[in-house]
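Remarks on the structure that follows.
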Amino acid sequence: MATQLQTEQGTVRVPSGTWTVDPSHSSVSFEVRHMMIATVRGRFLEFEGTIVAAEHLAESQVSGTAIVASIDTGQADRDQHLRSPDFFDAEAFPEMSFRSTRIEHVEGGMFRIVGNLQIRDQTREVSLATVVHGAGADPWGNERVGLGAHVIINRTDFGLAWQQRLARGGVLVGDEVTIVLDISAVRVDD
């Protein structure tokens with residue numbers, strides 16, 4: 001049923017069909033340590049994604065892209081530095097992307113989405129811990145599904161290697177970055 005989560009031996013799944021991410025009700029954000037004592041949070045304002053949920057989980061797919069120049073940390077000078085060749089090099093590499101290679105059920109509504117994350121000219125396999133929050137019809141008759149996902153990456157693996165050493169020891173920017181997705185997607189097929 002399109003208005004309910006499918007269950008199979010207690011498994012909560014995205015209902016079968018093709019779903020497109022609704023950017024106005026979703027977010028693609030990140031967290032990274034600053035000076036080893038605080039956390040800086042940011043987000044990408046422009047992104048898109050598609051979920052193809054098949055009857056058989058092995059045939060399901062997830063993909064998405066984010067526009068690098070849309071990065072927003074709430075501080076214009078920092079955002080400009082992140083767009084520069086020191087970090088994302090938004091002019092040479094305008095998008096970062098993800099495409100799943102397999103989806104594994106963990107338990108209940110929890111899944112592991114394994115796939116290729118491309119940032120700059122580097123592609124690495126990552127594993128997103130994902131939970132299906134729910135599905136149903138919105139007040140305008142659209143079928144929606146909600147998911148949350150996160151993954152921790154090492155930014156230097158993706159060519160984001162700029163660093164500044166601190167006088168007291170340590171570094172300005174942490175290597176580990178947590179990427180957090182909060183997704184509301186709308187069914188685009190019947």
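The values are calculated or read from the model by the stated rules, or taken from the named source; none is laboratory data. For clarity, every value in this text was computed on a predicted model and none was experimentally measured. All Cβ positions, even for glycine, are placed from backbone atoms using ideal geometry, and neighbour counts span all protein chains on display. For accessibility, only protein heavy atoms count, side chains too; no ligands or nucleic acids. Shrake-Rupley method; radii C 1.70, N 1.55, O 1.52, S 1.80 Å.
Size of the dipole of the chain about the Cα centre, Lys and Arg at +1 and Asp and Glu at -1 on the beta carbon, nothing else charged, in debye to 20?
Its charge dipole is roughly 640 debye.
Quick check: net charge around Pro94, other residues with Cβ under 11 Å of its Cβ, Lys/Arg +1 and Asp/Glu -1?
-2
So how do 32-42, 159-169 stack up, highest first, on mean other-Cβ count within 10 Å?
Taking the mean over residues of other Cβ atoms within 10 Å, the ranking is 32-42, 159-169.
Give the peptides 172-183, 105-116 in descending order of average Cβ contacts within 10 Å, highest first.
172-183, 105-116
Where the accessible area of the chain is counted over protein heavy atoms with a 1.4 Å probe, how much of it, in %, is carbon and sulfur?
51 percent
How would you classify the range 1-147 from its alpha-carbon gyration tensor, with a ≥ b ≥ c the square roots of the eigenvalues: rounded for a/c under 1.5, else prolate if a/b is greater than b/c, otherwise oblate?
Prolate shape, in that a/c is at least 1.5 and a/b is the bigger ratio.
Taking the Cα centroid of the range 124-190 and of the range 94-123, what is the distance between the two, rounded to the nearest whole Å?
The range 124-190 and the range 94-123 have Cα centres separated by 10 Å.
Per residue, how many Å² of accessible area does the chain show with a 1.4 Å probe?
The answer is 55 Å² per residue.
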